[in-house]
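Report on one structure; see the data block that follows.
The values are calculated or read from the model by the stated rules, or taken from the named source; none is laboratory data. Just so it is clear, the model here is predicted, and its values are computed rather than measured. Cβ placement follows ideal geometry from the backbone for every residue including glycine, while neighbour counts extend to all protein chains displayed.
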Amino acid sequence: MKELRAGMQALVTPEWTGLKRVWPVHLAVILLTLCSVLSLTAMERSQRGRNFWQGLDAAWEFRQPAYSEQIIADNLFRTKSNTWSNLAYAVVGFYVLGFALHDVRLSGVQTQTVWSVLYGLACCFLAVGSGVFHASLSRWGQQLDVTAMYTPLLVLIGEATWRHIPRIGFPRQRSLSTWPLLAGLVFVTTLLLYHYKWSLSSGVILPLLILIVAGFALLDLWRDATRRRTVSLLTAVIALLLAVACRELDIQRRFGDAQTPLQGHAFWHLLTAVALMAVWTSDHCLPLSMDRSCDAGKE
């Protein structure tokens, strides 16, 4: 009997014990997601047929649909599948914020945890921005959507820069941490990209930001090719490639018909959410307190 008990205890790894300790995070994410679904469902039903968005200038995608999903102009969600699928970004944001707050409770505030909070908020912002655009197909919604696509990538670039340049020194002065400056730059850049959206090409800026994130990821992988980092980045690449394929098939009207419950662009949302989560986990443990190798971010 003692041997059996010892064998069972050996199977309970520290990682499994850590996952059991974060059950409040999973519960909070489930409750937040459920509340979001119920709230949005109630809003959608209350505004059905009332043309809620009629006061906003319509985007080009409303007049000349770029995606295959049927547009119902009088509904709150003019494209249902492409709107609901943005909840995937919110779930990523909820989890990142939940793990960050869990680590604050256990280990106090760490710089890496601050970046996790910013990233979680950026993913939630993406859910709202993209959701508003696909619900309204309005010009303002498109401006919000495109800006929100940049923000998580800007946070990743800011954090990667901080990891390589954590402090800056001045002659005869004490060195200063770079994260407040970098976080401020992310915020200001987001505002500028929103303001000048119509003067800039998202077809240039988005791939450029992705390439910068990929460059930092490859640099980190070259310096420290851990199994977790390798698997996470490979998952992100595969998810992104599949997302691009689904989006292109949807644009070409080859993914499904206009009434398909899950549209090709909806899969773009789901798979890019997977990619965003995978990139984050390449440099963050779930949560940090489960793996002391993540203590490099502690100050």
Would a scan of segment 116-123 turn up a residue that is out of contact with any helix residue (DSSP H, G or I) (no Cβ under 9 Å at 6 or more places or on another chain), part of a helix (DSSP H, G or I), within 30 Å of Gly264 (Cβ to Cβ) and of a type outside the set (Asp, Glu)? no
Looking at segment 213-228, is at least one residue in contact with a helix residue (DSSP H, G or I) (Cβ under 9 Å, 6 or more places away or on another chain), touching a residue at least 12 places away in the same chain (Cβ under 8 Å) and within 26 Å of His265 (Cβ to Cβ)? yes
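Residues checked against (1) in contact with a Gly (Cβ under 7 Å, 6 or more places away or on another chain); (2) within 20 Å of Leu144 (Cβ to Cβ):
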| position | (1), (2) |
| --- | --- |
| Tyr67 | no, yes |
| Ala73 | no, yes |
| Asn86 | yes, yes |
| His102 | no, no |
Segment 232-271, residues that are in contact (Cβ under 8 Å) with a residue 60 or more places away in the chain, in a helix (DSSP H, G or I) and more than 20 Å from the chain's Cα centre (by Cα): Asp250, Ile251
In segment 4-43, the residues that are of a type outside the set (A, V, I, L, M, F, W, C) and modelled with pLDDT under 95: Arg5, Gly7, Gln9, Thr13, Pro14, Glu15, Thr17, Gly18, Lys20, Arg21, Pro24, His26
So Trp198 fits all but one of (1) assigned to a helix (DSSP H, G or I); (2) buried (at least 16 other Cβ atoms within 10 Å of the Cβ); (3) touching a residue at least 40 places away in the same chain (Cβ under 8 Å); what number is the exception? (2)
Considering Ala127, Ala100, Ala135, which residue is surrounded by 22 or more Cβ atoms within 10 Å (Cβ to Cβ), modelled with pLDDT under 95 and among the hydrophobic types (A, V, I, L, M, F, W, C)? Ala100
If I filter segment 59-97 down to residues being part of a loop (DSSP other than H, G, I, E, B) and aromatic (Phe, Trp, Tyr), which single residue comes out as modelled with the lowest pLDDT? Tyr67
Which one of these does Ala160 not meet: (1) out of contact with any Gly (no Cβ under 7 Å at 6 or more places or on another chain); (2) surrounded by fewer than 20 Cβ atoms within 10 Å (Cβ to Cβ)? (2)
Of all residues in segment 219-228, which are surrounded by 11 or more Cβ atoms within 10 Å (Cβ to Cβ) and assigned to a helix (DSSP H, G or I)? Leu219, Asp220, Leu221, Arg228
Matching option when the condition is at pLDDT 95 or above, of a type outside the set (A, V, I, L, M, F, W, C) and within 20 Å of Cys124 (Cβ to Cβ), among His195, His284, His269: His269
How many residues of segment 30-59 are free of Cβ contacts under 8 Å to residues at least 60 places away in the same chain, loosely packed, with under 15 Cβ neighbours inside 10 Å, under 20 Å from Asp145 (Cβ atoms) and of a type outside the set (Gly, Ala, Ser)? The answer is 2
Would you check which residues across segment 75-97 are free of Cβ contacts under 8 Å to residues at least 40 places away in the same chain and basic (Lys, Arg) and list them? Lys80
Considering every residue within segment 265-274, establish whether at least one is among the polar types (S, T, N, Q), in contact with a helix residue (DSSP H, G or I) (Cβ under 8 Å, 6 or more places away or on another chain), surrounded by 15 or more Cβ atoms within 10 Å (Cβ to Cβ) and more than 18 Å from Ser130 (Cβ to Cβ). no
Given the conditions (1) assigned to a helix (DSSP H, G or I); (2) farther than 28 Å from His102 by Cβ, which single one is not true for Thr151? (2)
